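A short worksheet on the structure shown next.
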Amino acid sequence: MFLSQVVIAIILGFKVADHSDNLSKGYAIFVVILVCTFVSAFAWSIGPLGWLISSEIFPLETRSAGQSVTVCVNLLFTFVIAQAFLSMLCHFKFGIFLFFSGWVFIMSIFVFFLVPETKNIPIEEMIERVWKQHWFWRRFVEDEYDNEKVNADYQL
């Protein structure tokens, strides 16, 4: 995904100027193939993560609310990107592909370091086996004992 967008930016940066017809048929076909490569890679790898991760990480008690928020945020950002794309294309020109490739790079780093593996882990054990043992997320997971102690102190 990253490489296809960088190569598209390089081709368009060197071959297309404002109001020009310099992109030959061969380069145009290659750009279309690179766009198809990006779409295929996105659909195969990162595209479903917004739906998959949220369905696996939320406990049963909050899963429906978590899925609702996930869908709303997904649709909101899809709308924002769709509305902003054409004006960004006019201003950034070929740089828009570098802009989005930068976001693909940042997203890849985020997924590599911060999204834990949940394969073969039942949803009931997700907090104990995944979130409480993850090097980053464990500081945000409350222990049930600490929560019960706070509630007992509050009732006094």
#### Entry: Shape box of the chain [Cα atoms, principal axes, largest first, Å]
77, 30, 24
### Task
Please list the radius of gyration and Dmax for segment 41-123, considering alpha-carbon atoms only, with Å as the unit.
15.6, 48
### Task
Can you check what the net charge comes to around ARG129, using other residues whose Cβ is under 13 Å from the Cβ of ARG129 (Lys, Arg +1; Asp, Glu -1)?
-2
#### Entry: Karplus-derived 3J(HN,Hα), 6.51/-1.76/1.60, for each residue of segment 44-53, Hz, glycine and proline x
7, 10, 8, x, x, 4, x, 8, 6, 5
### Message
Lysine pairs in the chain with Cα distance under 20 Å, only those 8 or more apart or on different chains: how many are there?
### Response
5
### Task
Go through segment 120-137 residue by residue and turn each phi into a ³J(HN,Hα) via Karplus (6.51, -1.76, 1.60, θ = phi - 60°); whole Hz please, and just put x for glycine and proline.
6, 10, x, 4, 5, 9, 4, 5, 5, 8, 10, 6, 6, 10, 6, 4, 9, 6
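Once you compute Rg and the Kirkwood Rh from C-alpha atoms, what is the Rg to Rh ratio for segment 1-58?
Details: Rg = 15.9 Å, Rh = 13.2 Å.
With Rh from the inverse mean 1/r over Cα pairs, Rg/Rh is 1.21.
Mind pulling up the Rg/Rh value for segment 36-87? Radius of gyration and Kirkwood radius, both on Cα.
Values: Rg = 13.5 Å, Rh = 12.5 Å.
Value, to two decimals: 1.08.
Hey, how much of the P(r) for segment 58-104 falls beyond 17 Å, as a percent of Cα pairs?
Numbers: 558 of 1081 pairs.
Percent of Cα pairs beyond 17 Å in segment 58-104: 52.
Coordinate-derived values only; no laboratory data. On a predicted model such as this, the values are computed, not experimentally measured, just so you know. Heads up, the Cβs are rebuilt from the backbone with ideal geometry, glycines too, and the neighbour counts pull from every protein chain shown.
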